[in-house]
Amino acid sequence: MPNIKSAIKRTKIIAKKTAANKMQKSKIRTLLKKTGSAVADSAENAGDLSRQAQTVLDKAAAKGFLHKNTAARKKSKLAKALASSQKS
C-alpha cells in the first residue's frame, strides 16, 4: 500500500486505466467471436459484422491500444474466413 501522495494517486489512475482497457479488450473479443460464428454459420449479417470488426480494430490500432500488425493480422484472418465461407 503506497504511503506517498503521488503514489496513491497513480494507483487510482492505474485502476481506472486497467478497467478501461479491460472493457475495450472485451468489446473487441466479443465482436470478433460474433463475427467468427456468423461467418461459420454463413449468416446474412456476416459481412456487416466483419466491416464493423475491421473498423473497431483499425480504431484500436490508431489509438495505440493494439499494435498495427496485430490489428492487420486479425483483419486478414476475418477476411479470409469470410471469403472462404462465401465461396462455398
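Among the residues of region 57-88, just one is closer than 18 Å to LYS22 by Cβ, small (Gly, Ala, Ser) and surrounded by fewer than 17 Cβ atoms within 10 Å (Cβ to Cβ), namely GLY64. You will find that of SER6, SER42, SER85, SER50, the residue that is touching a residue at least 40 places away in the same chain (Cβ under 8 Å), among the small types (Gly, Ala, Ser) and assigned to a helix (DSSP H, G or I) is SER85 and no other. LYS25 - would you say it is modelled with pLDDT of 95 or more and surrounded by 11 or more Cβ atoms within 10 Å (Cβ to Cβ)? Criteria met by LYS25.
Do we have LYS12 as charged (D, E, K, R), modelled with pLDDT of 95 or more, within 12 Å of the chain's Cα centre (by Cα) and assigned to a helix (DSSP H, G or I) here? No. Checking LYS16, LYS59, LYS33 one by one, the residue that is of a type in the set (D, E, K, R), free of Cβ contacts under 8 Å to residues at least 12 places away in the same chain and over 24 Å from ALA83 (Cα atoms) is LYS16 and no other.
The values are calculated or read from the model by the stated rules, or taken from the named source; none is laboratory data. Just so we're clear, the structure is a prediction, and the values are computed from it rather than from any experiment. Glycine gets a Cβ as well: all are built from the backbone with ideal geometry, and neighbour counts include every protein chain shown.
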